Amino acid sequence: MSDHGDNGAHAEHVVPVSTYLGVFIALLVGTALTTGVAYIDLGKWNTPIALVIAFTKMSLVVLFFMHVKYATGLTRVIIIAGFFWLAIMITLSCQDEFTRTWEIVPQGWLGNGSMILPLLSRFF
Amino acid sequence: MSDLAHSAHPQGFAHQFEEIDQQRDAGRLGMWAFLVTEILFFGGMFTAYIIYRLKHLPSFIEGSHQLKVVFGAANTAVLIVSSLTMALAIRSAQTGRKKGTTIFWLVFTWLLGAAFIGIKLHFEWWPDWHEGLVPRFHWFYNGPHAPGVLMFMVFYFCMTGLHAVHMVVGLGILTVLIIMTARNRFSAEYYSPLEISGLYWHFVDIVWIFLFPLLYLIGGRYPGS
């Protein structure tokens, strides 16, 4: 390591090892939990619970491992904008897909041996 | 700190920046801008996945039950450990530890990344191939929802495949970082390449955190599911 310690700025936030270990254990518990819950019949709640656990794990990684808890406001705006755009993509795509009826496509258009043909004939 | 620009420059400090703090922030911001494009890149696949899952849920459940959930869960744990070791590698550079310590954590991270790919290839994709679950190339699955399961497996291989490509890229980045660390390129003042590569590595971990429940655990694994 080069010896520049005297000139350096040390305003950087150094995350304590104990915080990293705590997050790490929480992530492992989350993984065990999400796998375990899948073996219990919770009806329609299985998927929402899996998603809540996944979002919690993501938040832990983003805030602590990726240091966003200590990041500048500008960086946070960029990240939030990214997720906001993702939400737009998912919401509007679903909105379009589930409110529009499709015209039947002439199947010759797809050609013989198309991988998608059996699917189309199965569902449409 | 404001007179840093006028004092001796730390190694790696670029002259267009006022202070090394500003340089670090700029690096982080740029990496996050890239990661946002990655979020939307994977997001496109997740969007398609959501739509097809909602339309063909029984097929997706049947397809999900073909996957090797134990190895999916094990790989999730492998990636989480690798995220911890990556964070510790950066911390070791940040706190000015001996370069050997940083290299140890980087090599540890590299090995875990390689283990992830190894487990995926050997315990998941290889058996999938033998069970005829690879669409187009080796497909002879004929369960009740075979055409829909085929669609699910296309999603499975595209999403985990894209993720695996990111893992391979990550291993390349780690290799470069190990060499740079060995050549004394980093210090307690300058460790941005380590830090932003860490952001990338953690991002790839997050993608898997979502892929695991969304692909392996559809419809649960309980008896009668």
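Averaged over peptide A:35-47, the number of partner chain Cβ atoms lying within 10 Å of each residue's Cβ comes to 5.
Each label point was placed 7 Å from the Cα along the Cα-to-Cβ direction; for residue B:130 and residue B:19 their separation is 6.1 nm.
Every pair of different Cα atoms in the stretch A:31-95 enters the Kirkwood calculation, which places the hydrodynamic radius at 14.0 Å.
For the stretch A:15-69, what is the convex hull (Cα atoms) projected area averaged across all directions, in square nanometres?
On the way: hull surface 14.5 nm².
Average projection, Cα convex hull of the stretch A:15-69: 3.6 nm².
Based on the Cβ-Cβ distance from residue B:107 to residue A:81, what FRET efficiency comes out when R0 is 51 Å, to the nearest 0.05?
After rounding to 0.05, the efficiency reads 0.90.
Per residue of B:213-222, other chain Cβ atoms within 10 Å of the residue Cβ number 6 on average. Residues B:222, A:20, B:191, ranked from the fewest to the most other C-beta atoms within 10 Å, line up as B:222, A:20, B:191.
Across chain B, the mean sequence separation of Cα contacts (distance under 8 Å, 6 or more residues apart), normalised by length, yields a relative contact order of 34 percent. Its relative contact order, with pairs defined as Cα atoms under 8 Å and 6+ residues apart, puts the stretch B:107-225 at 25 percent.
Under a point-charge model restricted to the Cβ atoms of Lys and Arg (+1) and Asp and Glu (-1), what is the dipole moment magnitude of the protein assembly as shown relative to its Cα centre, in debye to the nearest 20?
660
Among B:152, B:210, the ranking by other beta carbons within 10 Å of each residue's beta carbon, starting with the fewest, stands as B:210, B:152.
Compactness ratio of the protein assembly as shown: Cα Rg over 2.2 N^0.38 Å, N = residue count?
Numbers: Rg = 22.9 Å, N = 349, 2.2 N^0.38 = 20.4 Å.
Relative to the rule-of-thumb radius for its length, the protein assembly as shown sits at 1.12.
Per 10 Å bin, what is the whole-percent P(r) computed from every C-alpha pair distance within the stretch B:173-225? Reading the bins upward from 0: 21, 31, 19, 15, 11, 3.
Annotation: amide H of residue B:133 within the under-5 Å range of B:140, sequence separation 5 or more or interchain, hydrogens built in the peptide plane.
Tell me which trypsin sites (Lys or Arg not before Pro) from the stretch B:64-140 have a DSSP coil assignment and no more than 15 other beta carbons within 10 Å of their own.
Working: sites: B:68, B:91, B:97, B:98, B:99, B:120, B:136; in loops: B:68, B:97, B:98, B:136.
Answer in residue order: B:98, B:136.
Dimensions of the stretch B:20-216 based on its C-alpha atoms, expressed as ranges along the principal axes with the largest first, amount to 60, 30, 23 Å. Angle of helix B:99-119 to the longest C-alpha principal axis of chain B, folded into 0 to 90 degrees and rounded to 10: 10°. Gain on full extension, evaluated as 0.36 nm per residue between residue B:139 and residue B:179 minus their Cα-Cα distance, stands at 10.1 nm.
Enter the mean number of other protein chain beta carbons within 10 Å of the beta carbon of each residue in B:53-64, as an integer. Intermediate values should be presented prior to the final figure.
Working: counts 1, 3, 3, 3, 1, 0, 3, 0, 0, 0, 0, 1.
Shielding by partners across B:53-64 averages 1.
Between the stretch A:55-93 and the stretch B:102-158, what's the alpha-carbon centroid distance in Å? When both Cα centres are located, 28 Å separates them.
We did not get these values from a lab; they are worked out from the coordinates using the rules stated. A quick note: this is a predicted structure, and the numbers were derived from the prediction, not measured. We place every Cβ from the backbone using ideal geometry, glycine too, and count neighbours over all the protein chains shown.
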